[in-house]
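A.B. asks: Would you mind keeping the following structure in view while I ask a few things?
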Amino acid sequence: MPGTARPGAKYSVHILDPGGGKTGKTLPLGNVRKENDRTYSFVDLVNPFVHLKASAFHLDGTEGNDLINGNEDVLAALETVRSEAAVAAGMAESIDEARKAPAVPKVTLVAPPQTYVSASGTTINKKDIDIVAKMISMGKVHRTFAGSGLYNLAASTRLPGTIPNRLTSTQQSEVVRIGHPDGIAEVMVSLTDDETEVSYVGLERTARLIMKGKVYVRV
């Protein structure tokens, strides 16, 4: 999987009925919400995320992580929207309370497919991806993209009217190809028969060695 430190065995993780874990609804604020001149989509799926257009912050979505992490104005604006969304969705009673819980909801900056160079120097071609995105967690851009964010964003591209849905290049395939800072992640998404909810999301992960040791059994 692009972005992992070392290669390893591949395994798949599927999450059934992933929506509404924190708020009770996949889209507790509707497909889009406008607040203080900022338009966003709040999607509660695996983990709650606030999806914003990169262009709303004068970004194209392919900037290096260091450039965004060094832009205090952009980071402050993202935190303001994140906190407002948390209050609107009922995850916090006030902006101050939301700021004291920076872990959730998390934020993504999304953009249409475009060719760019990844952090490792690989050229990512526009034709090979469906959407470009960066994930912001704890006030900083994630080096690659957390699994929960990949699940959420991929599913969001299939939910009509959301910001990711409007920016994705294809809305038919069950596999969503996300261009992130260090490569491409392919996420499987299946909707319910009426296409109003997400049935499951799936992602191929890389197995890592967690521990090595010996077990002694009494005989």
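A.B. asks: Could you run through the stretch 115-136 and say how many residues are surrounded by 15 or more Cβ atoms within 10 Å (Cβ to Cβ), over 19 Å from Thr39 (Cα atoms) and of a type outside the set (D, E, K, R)?
C.D. replies: So the count comes out to 5.
A.B. asks: Answer yes or no: is there a residue in the stretch 19-28 that is modelled with pLDDT under 95, surrounded by fewer than 18 Cβ atoms within 10 Å (Cβ to Cβ) and in a loop (DSSP other than H, G, I, E, B).
C.D. replies: No, the stretch 19-28 has no match at all.
A.B. asks: Still on this model: Please work out if Arg143 is among the basic types (Lys, Arg), in contact (Cβ under 8 Å) with a residue 40 or more places away in the chain and either assigned to a helix (DSSP H, G or I) or crowded, with 21+ Cβ neighbours inside 10 Å (or both).
C.D. replies: No.
A.B. asks: Val50 versus (1) outside any strand (DSSP E or B); (2) over 23 Å from Asn125 (Cα atoms); (3) in contact with a strand residue (DSSP E or B) (Cβ under 9 Å, 6 or more places away or on another chain): which is the lone unmet condition?
C.D. replies: (1)
A.B. asks: Condition test on Ser169, is it out of contact with any Cys (no Cβ under 7 Å at 6 or more places or on another chain), surrounded by fewer than 13 Cβ atoms within 10 Å (Cβ to Cβ) and over 19 Å from Val104 (Cβ atoms)?
C.D. replies: No.
A.B. asks: Kindly list the number of the only condition in (1) more than 27 Å from Lys126 (Cβ to Cβ); (2) in contact (Cβ under 8 Å) with a residue 24 or more places away in the chain; (3) not small (Gly, Ala, Ser) that fails for Val87.
C.D. replies: Just one mismatch for Val87, condition (2).
A.B. asks: Out of Ser190, Ser120, Ser156, Ser148, I need the residue that is farther than 18 Å from Leu75 by Cα, of a type outside the set (Val, Ile, Thr) and more than 18 Å from the chain's Cα centre (by Cα). Which one?
C.D. replies: Of the residues listed, the single one that is farther than 18 Å from Leu75 by Cα, of a type outside the set (Val, Ile, Thr) and more than 18 Å from the chain's Cα centre (by Cα) is Ser120.
A.B. asks: I've got another one for you. Determine if the stretch 65-84 includes at least one residue that is farther than 18 Å from Lys106 by Cβ, among the polar types (S, T, N, Q) and part of a helix (DSSP H, G or I).
C.D. replies: Scanning the stretch 65-84 turns up no residue that is farther than 18 Å from Lys106 by Cβ, among the polar types (S, T, N, Q) and part of a helix (DSSP H, G or I).
A.B. asks: Evaluate the stretch 98-109: report whether one residue or more is charged (D, E, K, R), out of contact with any His (no Cβ under 7 Å at 6 or more places or on another chain) and part of a loop (DSSP other than H, G, I, E, B).
C.D. replies: yes
The values are calculated or read from the model by the stated rules, or taken from the named source; none is laboratory data. Bear in mind that the values here come from a model prediction, so they are computed numbers and not experimental data. As a convention, Cβ positions derive from the backbone with ideal geometry for all residues, glycine included, and neighbour counts pool all protein chains shown.
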